[in-house]
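What follows draws every value from the coordinates through simple rules; no lab data is involved. These figures come from a predicted structure and were not determined experimentally. Positions of Cβ are generated from backbone atoms using ideal geometry, with glycine treated the same way; all protein chains shown enter the neighbour counts.
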Amino acid sequence: MAKAIEYQVEPPKIGPTAEEELQRLLQTLHEHGVLRLANDLVASNNDWLKVIVDGLSRKGSLNVIQNISVLLMALSTIPPEQTYKLAFGLRDFVAELSREEEQPQSANGSAPGARGAWKMLHDDELWHSLTPLLNGLKAFSRRMEEEVDKPISSFSGKPSDA
C-alpha cells in the first residue's frame with residue numbers, strides 16, 4: 001500500500017501581513033511628523049507637561065473644567081427624549097420669532113385692548129400652553145434660591161471632606 005502524502009495547502013494571501021501593516025503605519029507616522037513630535041516630547045524632559053499643568057492650575061481654567069463637568073452632570077440626568085423635545089422646541093421657537101420679525105405690522109398686529117385681553121384670559125388653549133412655562137419658571141426660581149457649596153457634593157448627595 002502507498003503512504004498518504006502530507007500536504008497542507010497554504011491559505012491564499014488576502015491582504016498584507018501584520019508586519020507589513022506595522023511597517024506601513026510606521027512610515028505614515030514618519031511622513032506626517034508624528035514620530036518627530038513624539039520624539040521631541042520625550043526629549044523635552046516633561047517641560048511641556050509643566051506648561052500644561054501650570055495652564056490648568058489657573059483659576060479661570062479650573063472654573064472652565066468645573067463648569068463643563070456641571071453641564072455634563074446635568075445633561076446625564078436628562079433622558080434623550082426630553083433633550084430631543086427641548087432642542088427641536090427651541091429650534092421651532094427661534095423660527096417662530098424670526099417669522100414674526102419678518103411680518104410687517106398690520107391692523108391685525110395692533111394691541112388687543114381691554115376686550116381682547118378679556119378674551120385672552122378665557123382662552124383655554126393659551127393657558128394650557130402657558131402652564132408648563134410657568135411651572136418651569138417656578139422650578140428654575142426654586143433652584144436659583146438654593147445655596148450650593150460644592151456642585152459635585154450636591155449632585156451626588158455625598159458630603160464633601162474638604
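Things to note:
- When each of the peptides 28-36, 4-12 is scored by how many other beta carbons lie within 10 Å of its residues on average, the order from highest to lowest is 28-36, 4-12.
- For GluC sites (Glu not before Pro), the sites in the stretch 41-149 that DSSP calls loop and that have at most 13 other Cβ atoms within 10 Å are 146, 147.
- Summarising the overall dimensions of the stretch 19-70 from its C-alpha atoms, the Rg and Dmax are 17.2, 49 angstrom.
- Taking a straight line from the alpha carbon of residue 158, these lysines sit under 24 Å away, with near neighbours fewer than eight places off in the same chain left out: 150.
- D (Stokes-Einstein, µm²/s), Kirkwood Cα radius, the stretch 1-87, 1.567 mPa s at 4 °C: 65
- Across 15, 136, 116, mean-square fluctuation computed from a Gaussian network of the chain (C-alpha pairs under 10 Å connected) peaks at 15.
- GNM on the chain, alpha-carbon springs under 10 angstrom: the most fluctuating residue among 18, 38, 95 is 18.
- Rg followed by Dmax, in Å, when the stretch 41-97 is reduced to its Cα trace: 19.4, 58
- Across the options 132, 15, 83, the greatest Cα extent toward the positive end of the charge dipole of the chain (unit charges at beta carbon of Lys, Arg, Asp, Glu) belongs to 132.
- Remark: C-alpha extents of the chain on the principal axes read 110, 58, 41 Å, sorted largest to smallest.
- Only the Cβ atoms of Lys and Arg (+1) and of Asp and Glu (-1) were treated as charged; on that basis the dipole of the stretch 19-137 about its Cα centre amounts to roughly 540 debye.
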